[in-house]
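J.: Before I ask anything, here is the structure I am working with.
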Amino acid sequence: MEISDLITTESVIPHLHATSKKQALQELAKRAAGVSGMHERAIFDVLLERERLGTTGVGNGIAIPHGKLPNLDRLYGLFAKMDKPIDFDAIDEQPVDLIFLLLAPESAGADHLKALARVSRLLRDKSGCEKLRGTDSAEALYAILTESATSHAA
C-alpha cells in the first residue's frame with residue numbers, strides 16, 4: 001500500500017479554510033465527494049460518527065479522519081493543509097494543521113488498517129511534516145507525500 005495508491009494531485013488541498021473541526025470535516029467531505037463519486041452527506045456522516053468514537057486528532061498538529069462507506073469501489077485519500085491551525089480535540093490538545101482523510105469500502109478490512117498505518121507512519125516523520133508545512137502548492141505537497149512514502153517503504 002503506497003500513498004500514491006490513495007491520493008492524486010487533485011486530492012491534495014494546499015489551503016483548506018475552516019474555523020472548526022466540523023467545518024473542516026464538511027469541507028473535506030465536499031472535496032472527497034468530488035474525488036470518490038460518493039454523496040457528500042454520506043461521507044460527512046461517516047466522519048462525524050467516527051469522531052464520536054474518539055478523536056482522530058493524533059497529536060503534533062495531525063489528524064487522520066477516516067471511515068468506511070458502502071458502494072465505495074476502492075480506498076480514497078485526501079490531504080489538506082489548513083490555512084490556520086484549528087482545534088480538533090487532538091489527544092495532545094494541540095491545534096491541527098495537517099489532515100489526511102481516508103475513506104474505505106465497507107469490505108476493505110485489513111486494507112483499511114494497512115492504509116491507516118501507512119498514513120500514520122508517514123505523518124510521524126517530523127522532517128516530512130516540516131516540509132509539508134513549508135510548502136504551498138498541491139504538486140509539491142503531493143511530491144513530498146509520495147516521495148517520503150517511497151523512502152520509508154522498507
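J.: Rolling a 1.4 Å sphere over the protein heavy atoms, what is the accessible area per residue of the chain, to the nearest Å²?
T.: Accessible area per residue, the chain: 49 Å².
J.: Sticking with this one: Among 22/84; 22/114; 22/81; 30/114, which pairs are too far apart, with a Cα-Cα distance over 18 Å?
T.: The answer is 22/114; 30/114.
J.: Restricting to the chain, what percent of DSSP beta bridges are antiparallel, rounded to 5?
T.: Approximately 50 percent, going by the DSSP bridge assignments.
J.: List every DSSP H helix in the chain whose Cα atoms extend 24 Å or more along the helix's own long axis and whose mean Kyte-Doolittle hydropathy is at least 1.6.
T.: none
J.: Further question: Relative to 2.2 N^0.38 Å, what does the C-alpha radius of gyration of region 56-122 come to as a ratio? Two decimals please.
T.: 1.15
J.: So what is the calculated 222 nm ellipticity per residue for the chain, using -39500 (n - 2.57) for each DSSP H run with n of 4 or more, over all residues, to the nearest 500 deg cm²/dmol?
T.: -14000 deg cm²/dmol
J.: Here's a follow-up. Collect residues whose amide H, placed 1.01 Å from N in the peptide plane, falls under 5 Å from the amide H of residue 69; neighbours closer than 5 in sequence don't count.
T.: Counting only residues 5 or more places away or on other chains, the set is 104, 106.
J.: Residue by residue through region 59-73, what is 3J(HN,Hα) from phi via Karplus (6.51 cos²θ - 1.76 cosθ + 1.60, θ = phi - 60°)? Round to whole Hz and write x for glycine and proline.
T.: Computed from phi, the couplings for region 59-73 are x, 6, x, 10, 10, 10, x, 7, x, 10, 10, x, 6, 7, 7 Hz.
J.: Distance in nm between label sites at residue 140 and residue 127, each 7 Å beyond Cα in the beta-carbon direction?
T.: 1.8 nm
J.: Can you tell me how much longer the chain between residue 87 and residue 20 gets when fully stretched, taken as 0.36 nm per residue apart minus their C-alpha distance, in nm with one decimal?
T.: 23.5 nm
J.: Taking H as built 1.01 Å from N, whose amide H comes closer than 5 Å to the amide H of residue 16, not counting residues under 5 places away?
T.: It is 81, 82, 83, by chain and number.
J.: Give me the percent of accessible area attributable to carbon and sulfur for the chain, probe 1.4 angstrom.
T.: Answer for the chain: carbon and sulfur cover 50 percent of the accessible area.
The values are calculated or read from the model by the stated rules, or taken from the named source; none is laboratory data. Quick caveat: nothing in here was measured; it's all calculated off a predicted structure. Cβ sites come from the backbone with ideal geometry, for glycine too, and all protein chains shown count toward neighbours. These area figures cover heavy atoms from the full protein model, side chains too; ligands, DNA and RNA do not enter into them. Shrake-Rupley method; radii C 1.70, N 1.55, O 1.52, S 1.80 Å.
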